[in-house]
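Here the structure is laid out as structure tokens; the discussion comes afterwards.
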Amino acid sequence: MIDITVNASGPLFNGTSAAILRQAIDDCRTRMGNVAEEVWQAYMDASFKHPTGYYQSHINIAQRGRDLAVNDAGVIYGHWLEGTGSRNFPKTRFKGYAAARRATQHASGMVLEECQPIIDRAVHEING
């Protein structure tokens with residue numbers, strides 16, 4: 001006769017792994033919101049010819065349900081600066097800076113790089 005005893009303990013077995021994963025997702029969401037804001041600011045710094053600081057001071061991270069959104073707080077000329085306004089080319093020669101669009105594309109490519117350490121930490125914590 002062979003007696004085998006298995007002791008299952010740790011986050012995976014005591015029910016706390018779901019909370020650890022939820023926190024990791026929230027941390028990734030927050031990190032990417034911050035990254036998107038930083039990248040947008042950097043594109044504006046590099047592009048704006050005569051910055052006043054007003055527009056850039058209104059870039060913020062807002063809660064939208066469970067998600068975060070980086071926006072310009074509705075500054076009236078934001079669409080014009082981006083190049084999506086009704087008064088851009090062909091009505092004027094100004095085509096816009098497209099800083100938000102470029103920042104979105106750039107930040108989207110950084111998700112794995114930025115969130116991998118957060119996910120690795122959560123996996124390590126779950127594994128005990």
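The values are calculated or read from the model by the stated rules, or taken from the named source; none is laboratory data. The structure presented is a predicted model; accordingly, all values stated were derived computationally and were not measured. A quick note on method: Cβ atoms are made from the backbone with ideal geometry, for glycine too, and the neighbour counts reach across all protein chains shown.
When you look at ALA24, is it outside any loop (DSSP other than H, G, I, E, B), closer than 30 Å to LEU12 by Cα and either touching a residue at least 24 places away in the same chain (Cβ under 8 Å) or of a type outside the set (Val, Ile, Thr) (or both), yes or no?
It is true that ALA24 is outside any loop (DSSP other than H, G, I, E, B), closer than 30 Å to LEU12 by Cα and either touching a residue at least 24 places away in the same chain (Cβ under 8 Å) or of a type outside the set (Val, Ile, Thr) (or both).
Look at TYR97 and say whether it is of a type in the set (Phe, Trp, Tyr), touching a residue at least 24 places away in the same chain (Cβ under 8 Å), surrounded by 11 or more Cβ atoms within 10 Å (Cβ to Cβ) and assigned to a helix (DSSP H, G or I).
No, not satisfied.
Could you run through segment 2-21 and say how many residues are more than 30 Å from LEU68 (Cα to Cα) and either touching a strand residue (DSSP E or B) at 6+ places or on another chain (Cβ under 8 Å) or assigned to a helix (DSSP H, G or I) (or both)?
2
Between residues in segment 100-128 that are loosely packed, with under 14 Cβ neighbours inside 10 Å and residues that are outside any helix (DSSP H, G or I) and modelled with pLDDT under 95, which pairs lie under 6 Å by C-beta distance while being six or more apart or on different chains?
Listed pairs, sorted by first residue: GLY128/GLY10.
Among residues belonging to segment 39-65 that are outside any helix (DSSP H, G or I) and touching a residue at least 24 places away in the same chain (Cβ under 8 Å), point out the one that is farthest from TYR97 (Cα to Cα).
ILE61
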